[in-house]
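Notes to accompany the following structure.
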Amino acid sequence: MGVAVASARKQGRPVSRSRDLQYALGGAASGLASTVPSALLLYFSTSVLGLAPAIVALILLLPKLLAIIGDPLCGQLFDRLGQRPTARAMLLAAGGTVMIAGLALVFAPPVLATLEATAWWLAIAYLVFCGGYSAFSVAHIAGPAVLSRSAVHRARLVGWRMTSVLIGILIGAAGAPLIVSASGGGRFGYAVMAFVSGCVIALLMIGPARVYERRRFASSPRSDVTAPLWAAFGVPDFRRLAMGYALMMAAVSALTAATPYWVIQRGGEGDVGVLLGLLLLTSIATAPLWSLICRWRGERFGYRLMLSGYLGLPVLLGYVLATGGAWLGLTISYVGLGAAFGGLQVVSFTMLAGLSSAATVAAGQPMDGVITGGWTAMEKLGLAVGPALAAGLLALTGGQADLTFSFGIAGLLALAAGIGWVIELGPVSRHSRRIMA
């Protein structure tokens, strides 16, 4: 921590772990908010509201497509606010408030006369939620790049934030269904769940808003010029990292989508949650370790170690599935995949913070926001493509989750890691090498 402390003192800013913790709490808000709709909205829309699955699929897909443009727009607005801490804090708080309101509108809709009217209400409400989530998440993810020039301090901020995100995901996945059940289910149960979730999210987002309001931003130069919307993709280092990350997220989401097919054949539906829960808990447990690796051995070392794990683990998973898929073998495979996923999150976002600082210094104008917006857009694209790839493989095998399907999913994971290695071995710019050191 000596490097981070010295760097912060040199800039006249005291290092405060309590402030870092306040910033990191926003990650739990983000994780909780993203998980509740992902886990419950499909079932709520079809089984409680009575909407057709095809209509719900369109409602869920449209905001993700719009986010590919919307996230960079939120990032550009973040950059435009420049050195005004209060304005950036207001952006984060406004995004969080709209997100909470959208969550309430989604899960507590009025009783309307027709299913068509209900579908329109849900579509608009979910779009409002996603817009608020984009503004909040882009503003929060950009934090490490704009709050510190120290690579060590940035790694700590990212490590704490990602641990918080994963805890928020776990709370959302486990807690939200329990609240619905305890409240009697139905419309009322989901409305109570939305109210409780909104209150928790509101409390969690106070911390990062206060940090943004009270601290001057380290990396954003004084400039009235705002980077173009797609300027992030003009930065070679960003293109390589974002492409590799999107490929990995697509492969991981394909694996997640395929998991029920493997598990239910060998156990029960409840075992799906157990296996995915193990993956998530391992990610949470290993996130601090990946942060330490980034600080002690460097970000590129951590990135290569993570990719190596994703190259080897599909071989183990393929062997387990080919030999009958024993529960112990699946458990070991998913624990390993959870550790690798923790690395994918922590190391990638730590490198992103360094690249944002490097690009801002090189360009002489704020670019933290547009880079973060471009990153989250690529992430959402990968998350949307992954399940589609799994569905395509399933269609090719005639709807049977046979060995061809299983090897195809494992092969996608290994292929994404291999491409990531090729991309990572490319040259790093002079500015990135200096700032990420």
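Only the coordinates and a few stated rules stand behind these numbers; no lab work does. Small disclaimer: the values here were computed from a predicted structure and weren't measured. Because the Cβ atoms are built from the backbone with ideal geometry, glycine has one as well, and the counts that use them run over all protein chains shown.
Taking every alpha-carbon pair under 8 Å whose residues sit at least 6 apart, the range 15-220 reaches a relative contact order of 43 percent.
The relative contact order of the range 52-148 comes to 40 percent, based on Cα pairs under 8 Å that sit 6 or more residues apart.
Is the C-alpha gyration tensor of the range 15-220 telling us rounded, prolate or oblate? Criteria: a/c under 1.5 is rounded; beyond that, a/b larger than b/c is prolate, otherwise oblate. Here the range 15-220 falls in the prolate category. Multiplying the residue separation of Ala57 and Ile124 by 0.36 nm and subtracting their alpha-carbon distance yields 22.7 nm. Take the Cβ atoms of Thr331 and Val422, set R0 to 41 Å, and the FRET efficiency comes out at 0.85.
Per-residue counts of other Cβ atoms within 10 Å, averaged by peptide: what ranking do you get for 94-103, 404-413, highest first? Spell out each step's value before the answer.
On the way: 94-103: 22.0, 404-413: 20.3.
With the highest mean Cβ count within 10 Å placed first, the list reads 94-103, 404-413.
Neighbour counts of C-beta atoms inside 10 Å place Glu213, Glu116, Glu379 in the sequence Glu116, Glu213, Glu379, starting with the fewest. Within the shell defined by Cβ-Cβ distances under 10 Å, the residues around Lys380 carry a net charge of -1, with Lys and Arg each +1 and Asp and Glu each -1. Using a Förster radius of 35 Å, what is the FRET efficiency between Met90 and Lys64 based on their Cβ-Cβ separation? Nearest 0.05, please. Calculated value: 0.85. By the count of neighbouring beta-carbon atoms within 10 Å, fewest first, Arg295, Arg304 end up ordered Arg304, Arg295. Label sites at Tyr43 and Leu403, each approximated as a point 7 angstrom past Cα along Cα to Cβ, lie 3.5 nm apart. Fewest neighbouring Cβ atoms within 10 Å first, the residues Val152, Val165, Val422 line up as Val422, Val152, Val165. The modelled label-to-label distance for the pair Ser18/Leu289, using points 7 Å beyond Cα in the direction of Cβ, is 3.2 nm.
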